[in-house]
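The values are calculated or read from the model by the stated rules, or taken from the named source; none is laboratory data. Quick caveat, the model's predicted, so the values are computed rather than measured. Here the Cβ positions follow ideal geometry from the backbone for every residue, glycine too, while neighbour counts run over all protein chains shown. Side chains are part of the model used for accessible areas, which takes the heavy atoms of the whole protein and leaves out ligands, DNA and RNA. Shrake-Rupley method; radii C 1.70, N 1.55, O 1.52, S 1.80 Å.
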Amino acid sequence: MARNKHWLLPEGIEEVLPPDAARLEHLCRELLDLLATWGYELAMPPLAEFIEALLSGSGEDLDLKTFKVTDQMSGRLLGIRADMTPQVARIDAHYLRREEPTRLCYLGPVLLTLPAGPGGSRVPLQLGAELYGHAGPESDAEILALCLRALQLAGVHNVHMDLGHVGIYRSLIEELRLDAGREALLFDALQRKAVSEIEDYAAQWSVAPGLVEPMRALVELHGGPEVLRQARAQLSILGRPARDCIDNLERIAELVTRQVKDAPLFFDMAELRGYHYHTGMMFSCFVPVAGSGIAFGGRYDAIGAAFGRERPATGFSMDLR
């Protein structure tokens, strides 16, 4: 006789039981109150919408993560949100259309086709905050400081916040003049910090000697504030664009430390998570007990263009579960 397994849930999809559910609900209220005191207004995007809008500005980073279904009413393809960031960008660009800077926050479940890592959840409870309409380092610093405050409120300790800048990598790619295939190989090697592979590629592609050092340096440049000084020296061949990015990171860090005492800031020139849609500073937060990042964010100024209104944007998100 077959055993009844109707109670089983799909892998990576779980429920929250008492008393954890009560604690999670309490934390949600506390975090939304925190965001409100910083001036962030709550938005509630729909769980599903047309796939074109849901993937706008995110490209391949979200496409493979998104469940897709056919809408029985329109015959068009719908997506079940895997990330609320594009939805909030649509709200800012298409519905609110404010001229002044706008602060929006959101909290709700998202659904992933695959977990982010081994044993991870496919139904994160996503909390996020986005600041639109301001392009300076002050808004990036505000987002970083707010993310750290939210983690503190959630009782998360020993946070390690890695900062990078997509412009540094793009400056290198421009100097190397790589085609799409070779760029993909280099990008993958950088993410794995595979120095020997990068050196092999440099030899195979006959890279100019002066550019081999910055290729290797992107992997090796990670640590405290001294990294920025080292980056200026080791990446000098990339010229003014890379130097401006390093200056930007330094200014952001200075502003964050004014707001959060002993802010756990570290720098990683190979920090490229979300590279395909970020346009400036990027960051990831880690803790010793977790095998992957627990909060992510950065600047993504181009995300509103698909909705007819491109303007500066920066933000962060985290999974409360």
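What the table below lists for this structure:
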| item | result |
| --- | --- |
| Positions within segment 219-240 being over 20 Å from Ala194 (Cα atoms), under 22 Å from the mean Cα position of the chain (by Cα) and open to solvent by 70 Å² or more (accessible area, probe 1.4 Å), in sequence order | Pro225 |
| Within segment 118-135, tally of residues that are open to solvent by less than 40 Å² (accessible area, probe 1.4 Å) and more than 22 Å from Ala154 (Cα to Cα) | 2 |
| Which listed residue, of Glu138, Glu199, Glu213, is free of Cβ contacts under 8 Å to residues at least 24 places away in the same chain, open to solvent by 60 Å² or more (accessible area, probe 1.4 Å), acidic (Asp, Glu) and assigned to a helix (DSSP H, G or I) | Glu199 |
| Count of segment 184-194 residues which are open to solvent by 40 Å² or more (accessible area, probe 1.4 Å) and either assigned to a helix (DSSP H, G or I) or in contact with a helix residue (DSSP H, G or I) (Cβ under 7 Å, 6 or more places away or on another chain) (or both) | 6 |
| Top-ranked residue in segment 268-302 [being of a type in the set (A, V, I, L, M) and out of contact with any Lys or Arg (no Cβ under 9 Å at 6 or more places or on another chain); ranked as surrounded by the most Cβ atoms within 10 Å (Cβ to Cβ)] | Met269 |
| Check on Leu151, crowded, with 17+ Cβ neighbours inside 10 Å, part of a helix (DSSP H, G or I) and either of a type in the set (A, V, I, L, M, F, W, C) or without any contact (Cβ under 8 Å) to a residue 60 or more places away in the chain (or both) | yes |
| Count of segment 18-41 residues which are closer than 18 Å to Ala93 by Cβ and open to solvent by 70 Å² or more (accessible area, probe 1.4 Å) | 1 |
| Members of segment 303-321 that are among the β-branched types (Val, Ile, Thr) and either surrounded by fewer than 23 Cβ atoms within 10 Å (Cβ to Cβ) or at pLDDT 80 or above (or both) | Thr314 |
| Considering residues of segment 53-70 that are in contact (Cβ under 8 Å) with a residue 12 or more places away in the chain and touching a strand residue (DSSP E or B) at 6+ places or on another chain (Cβ under 8 Å) only, the residue surrounded by the most Cβ atoms within 10 Å (Cβ to Cβ) | Leu54 |
| Among (1) open to solvent by 40 Å² or more (accessible area, probe 1.4 Å); (2) part of a helix (DSSP H, G or I); (3) in contact with a helix residue (DSSP H, G or I) (Cβ under 8 Å, 6 or more places away or on another chain), the one test that Asp247 misses | (3) |
| Residues of segment 1-51 satisfying the condition of being within 17 Å of Val110 (Cβ to Cβ), touching a helix residue (DSSP H, G or I) at 6+ places or on another chain (Cβ under 7 Å) and assigned to a loop (DSSP other than H, G, I, E, B) | Val16, Ala43, Pro45 |
| Tally, over segment 71-104, of residues that are touching a strand residue (DSSP E or B) at 6+ places or on another chain (Cβ under 9 Å) and either acidic (Asp, Glu) or under 28 Å from Asp319 (Cβ atoms) (or both) | 22 |
